[in-house]
Structures are given as structure tokens and as C-alpha cells.
Amino acid sequence: AQTVTQSQPEMSVQEAETVTLSCTYDTSESDYYLFWYKQPPSRQMILVIRQEAYKQQNATENRFSVNFQKAAKSFSLKISDSQLGDAAMYFCAYYSGAGSYQLTFGKGTKLSVIP
Amino acid sequence: DTAVSQTPKYLVTQMGNDKSIKCEQNLGHDTMYWYKQDSKKFLKIMFSYNNKELIINETVPNRFSPKSPDKAHLNLHINSLELGDSAVYFCASSQLAGGPNEQFFGPGTRLTVL
């Protein structure tokens with residue numbers, strides 16, 4: 001079974017600065033997908049960014065980018081120019097391409113943004 | 001327009017009661033899910049239905065029974081509620097046909113068992 005590890009239970013960043021959230025995963029598969037979801041205090045789960053394992057290029061969405069290291073099984077999220085609205089729980093998730101049909105989540109990292 | 005909706009958003013009930021949570025998606029997706037988020041924020045899959053057929057049934061007590069009357073709806077019925085059932089329950093949907101895609105989540109239902 002796949003596992004997803006987020007080793008930082010809590011992180012903080014100054015407004016306008018850059019922060020990187022770590023995620024590692026364990027799998028024997030070669031075809032899979034990785035996601036970062038954001039959960040603000042409103043409780044809504046929001047997709048931040050997605051990466052297909054077969055793509056070598058790191059995904060980018062505005063101020064959010066990933067550093068995907070397939071051999072190291074690492075998938076970190078970088079948030080640039082942090083804003084107060086970025087404060088939330090961030091979850092890394094794994095999706096198997098072999099038809100398991102489910103997301104396996106890490107335990108989350110709580111990000112605080114300091115004004 | 002709400003893509004994935006759940007009712008109710010909050011549910012407070014006594015131990016031993018039976019309750020249901022409803023979920024509807026208007027995205028035309030073929031697959032729906034139930035996740036449980038515990039007090040430590042850990043999210044875990046409970047069930048998944050693809051085209052009204054159960055495809056994931058994780059180890060959950062058989063007091064939990066999902067029902068999918070059609071592709072747009074996936075309800076969760078819980079019998080004989082226990083204190084440990086207190087959690088936030090999320091419904092989600094995605095389109096599996098054509099390759100795995102993003103799962104869209106509902107707003108969650110916070111269940112409190114007293």
C-alpha cells in the first residue's frame with residue numbers, strides 16, 4: 001500500500017516571503033498522480049496543484065510550484081509571495097494510476113502566515 | 001452553482017441514533033467518494049462508487065452504509081451512532097473515464113455524537 005508522509009506538522013512564513021512544504025511518498029508503481037490540496041478554516045478542500053508522474057516538468061500554478069523528484073519520491077510545494085489567504089492546512093495526496101480509485105493523503109501541514 | 005453539495009453541514013445527535021448525510025454533484029462525474037476526517041485532521045477514504053457500483057469499501061464498521069440511487073447522488077447512512085463517529089465527513093466526485101482526474105470535494109458535514 002502507498003503511504004504519504006508530511007514531516008512538518010506546522011510551518012510559518014512571513015507575508016510576501018517564500019515557504020516550502022515537504023512531502024514524501026512510498027510506492028512501487030511507475031504511473032501515478034500527486035496532488036496538493038488546501039483546507040482553509042472554512043473546511044473546504046481546494047486543489048492547489050497536480051503533477052503526473054510521467055511528466056518530468058514541475059507543475060506551476062501562479063505563486064504555487066512543485067519540486068517533483070521521482071527517484072527520491074519527493075513532492076514539495078513552494079509558495080512564493082505568501083499572502084494571508086494562504087494560511088491553511090495543506091495536504092499532499094497520492095493517486096495510483098493502476099486503478100485503486102482513491103486518494104491517499106498525508107497527515108497535513110498547518111501553514112500560518114505572519115503579517 | 002455548487003459543484004458538490006452535502007446536507008446537512010452540521011449534525012449533532014445522541015449516541016445510538018441513526019442518521020444520514022446526503023451528497024449531490026452536478027458535474028456529471030461518474031465516481032463519488034466518502035472520506036472521513038478525524039479530530040487530528042487525517043483524511044481517509046471510506047467508500048467509492050463508480051456508475052452506481054461500489055468499487056471501494058475500506059475497513060469501516062458495517063454500521064456505515066452508502067447508497068447511490070444514481071450517478072449524481074451518494075448518501076451515507078450511519079446506524080447506532082457512537083462517540084468515535086464524531087468527525088467531519090467529506091463527499092467528493094471525479095471523472096474516472098478517460099484517466100484519473102481531480103477530485104472535487106463538498107463542504108463537509110461535521111458530525112458530533114453526544
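Every number here is computed from the coordinates shown, using simple stated rules; none is lab data. The model shown is predicted, which means the values in this text are computed figures rather than measured ones. FYI the Cβ positions are ideal-geometry reconstructions off the backbone, even for glycines, and counts take in every protein chain you see.
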**Prompt:** Say we join alpha carbon atoms closer than 10 Å with springs in a Gaussian network model of chain B; which of B:Phe104, B:Phe90, B:Phe47 then has the biggest fluctuation?
**Reply:** B:Phe104
**Request:** Compute from the Cα atoms of chain B the Rg and the Dmax, the latter being the longest Cα-Cα distance, and quote both in angstrom.
**Result:** 13.4, 44
**Request:** Give me the orientation-averaged projected area of the Cα convex hull of the protein assembly as shown, in nm², one decimal.
**Result:** 12.7
**Request:** Calculate the spin-label point distance for A:Ile46 paired with B:Asn57, positioning each point 7 Å from the Cα along the beta-carbon direction, and give it in nanometres.
**Result:** 3.7
**Asked** Once the Cα gyration tensor of chain A is diagonalised, what are the square roots of 5 times its eigenvalues, in whole Å and ordered largest first, as equivalent ellipsoid semi-axes?
**Response** 24, 14, 12
**Asked** Cα to Cα, under 28 Å, and not fewer than 8 places away if on the same chain: which lysines meet these conditions relative to A:Lys70?
**Response** A:Lys38, A:Lys55, A:Lys78, A:Lys107, A:Lys110, B:Lys41, B:Lys44
**Asked** How many angstrom lie between the C-alpha centres of segment B:1-64 and segment A:29-85?
**Response** 25
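Rounding to the nearest 20 debye, state how big the charge dipole of chain A is about its Cα centre with +1 on each Lys and Arg Cβ and -1 on each Asp and Glu Cβ.
Values: 10 positive and 10 negative charges, 28 e Å.
That gives a dipole near 140 debye.
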**Message:** From Cα pairs below 8 angstrom and at least 6 apart in sequence, can you work out the relative contact order of chain B, rounded to a whole percent?
**Reply:** 36
